[in-house]
Amino acid sequence: MWRWAGVILLLSILGCQMREVQPTFKDECGILRSDVDWSNRIKVLNLLSLAFSQKCDAAVIEYTEEAQFGFRDKTFSFSREMAGVFLSDGVLTDYVLESYERAYLSVLLAASYLRTGHVEDAKVELRRLDHELFAPLYNFGEDPVNLVLSAVLWEVLGEPGDARTDWFRLAEPTSSFLLHVPHALQSFAQKQVIRLDQGARPTPRWEVYGIGRFPEVEWDFKLFGAPNGYFVIHPKPPFQELCVSETGLRLSTESWFAKIAHRHDHAYHPLLNIQSWIRLPVGVVYGLVPFSLGVGVAVGGCAGAASLGGRGSDDLCALSILGGTQLMQVAPTVFQNTVRPDLRHWELLPAAVVVTQESDVGFEPCDSHQVILHYLVTRAPAPPLSS
């Protein structure tokens, strides 16, 4: 019995390895220059995000490129992929950046270069952003948020031709199941294309900032009718609706969430999809182990108590039933921890971006007055991040 209990404990521990990282941050500029555990990729990304918020541009410039190159490629191992179906998704594999995460790293790096006066370096980084969105890597696909940010940054850098290219991609999006551009955003982008084609001067001076906090990613088991195998993935809380005004827009990062939600689609990652289906019966077997053990403890304990007789037999039987019930209640947890999808992601990201031509962002109709996480483009020195 103790051997089985040890097996259940081990499975429960392994199943819980995918919990959301909740790091604490103090003196981020100093932490990035100290002994950072680069094996914890999510924490490194969160540190880079907060370092940008606190205007640690030297640290962002130094370490973002290392994260870009170190976290972008998938390394396949036959033994790990095979063994992974018997454990929780992602336990044996390193996290690989999604395409929107690679692109947003380039946005932060370009914005840091811009804040420190390195204009040409910022342009180089924006060209890398374009490559990251369309590179045929393990995680691929463009997204409207980074295209908007790229277009605005190109305008700020005085390159209307490159800005027009990105605005046009939003105004006339290609047919792709990974890229969905709302009609209101297409119309806004079309106006910018027309403005640039007409050579209107002066070019609007944009203000861009990321607001809110990327929501938690939750999932529910649904065997039939789910688009991603046997689970449904949803944000908590939900994203805000798109808002477009005459002077700007508020665009949520829901397209980034969609990449997480579609991570196990057969059309996107067929290997992950197949592994998830193989993992389903494995999870059922793992869940049956504590359930069967609990039944055995309850029935066997009561049978043994009855054979012994005496006044304490009833108490012994009741204790056996209680212990068996506790073991049986572990079964759903073991099952869920085994079949749960890999939902790791860069957590410290904005829930939306606001782009405006207003000199005072308070006058922007689409501003929702949420806490600002990232000042991406400002006309005046940004105030420190609110705690």
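The values are calculated or read from the model by the stated rules, or taken from the named source; none is laboratory data. These numbers come from a predicted model, not from an experiment. Don't worry about glycine lacking a Cβ; one is built from the backbone with ideal geometry, like all the others, and counts go over all protein chains shown. All accessible areas refer to the heavy atoms of the entire protein, side chains included, with ligands and DNA or RNA removed. Shrake-Rupley method; radii C 1.70, N 1.55, O 1.52, S 1.80 Å.
Of note:
- Computed from phi, the 3J(HN,Hα) profile of segment 278-292 under the Karplus parametrisation 6.51, -1.76, 1.60 (θ = phi - 60°) reads 5, 5, 4, x, 4, x, 4, 4, 4, x, 6, 4, x, 5, 5 Hz, with x in place of Gly and Pro.
- Panel note: the C-alpha atoms of segment 242-371, placed on their principal axes, show extents of 86, 37, 18 Å (largest first).
- Ser245 paired with Ile194, simple spin-label distance in nm, labels 7 Å along Cα-to-beta-carbon: 2.1
- Summed over the residues of the chain and divided among them, the accessible surface reaches 47 Å² per residue at a probe radius of 1.4 Å.
- Whole-percent carbon and sulfur share, accessible surface of the chain, 1.4 Å: 59
- Relative contact order, percent, the chain [alpha-carbon distance under 8 Å, six or more residues apart]: 21
- Sorting Val232, Val339, Val299 on solvent-accessible area from highest to lowest, probe radius 1.4 Å, gives Val299, Val232, Val339.
- Virtual spin-label span in nm between Leu288 and Trp38, 7 Å along Cα→Cβ: 4.6
- Gain upon complete extension [Asp220, Thr333; 0.36 nm per residue less C-alpha separation]: 39.4 nm
- The mean sequence separation of alpha-carbon pairs under 8 Å and at least six residues apart, normalised by the residue count of segment 33-112, gives a relative contact order of 36 percent.
- In this structure Met328 has an accessible area near 50 Å², from a 1.4 Å probe over the protein heavy atoms.
- Here r is the Cβ-Cβ distance between His118 and Arg213 and R0 is 22 Å; the resulting FRET efficiency, rounded to 0.05, is 0.15.
- Summed residue charge, Cβ within 10 Å of Arg279's Cβ, Lys/Arg positive, Asp/Glu negative: 0
- Above-threshold pairs, the threshold being 22 Å between Cα atoms, out of Lys55/Lys236; Lys55/Lys191; Lys43/Lys259; Lys191/Lys236: Lys55/Lys236; Lys55/Lys191; Lys191/Lys236
- One chain, two ends: His266 and Asp314. Fully extended at 0.36 nm per residue, the span grows by 11.8 nm beyond their Cα-Cα distance.
- Area of Ile194 that stays accessible when all protein chains are in place (1.4 Å probe, Å², to 10): 80
- Distance from the C-alpha centroid of segment 36-83 to that of segment 330-365: 18 Å, rounded to the whole angstrom.
- Solvent-accessible surface (1.4 Å probe) assigned to Trp206 amounts to roughly 10 Å².
- Scattering curve values for the chain, log₁₀ I(q)/I(0), Debye with Cα scatterers, q = 0.07, 0.11 Å⁻¹: -0.40, -0.83
- Label-to-label distance, Asp94 versus Glu172, with points set 7 angstrom from Cα along the beta-carbon direction: 4.1 nm.
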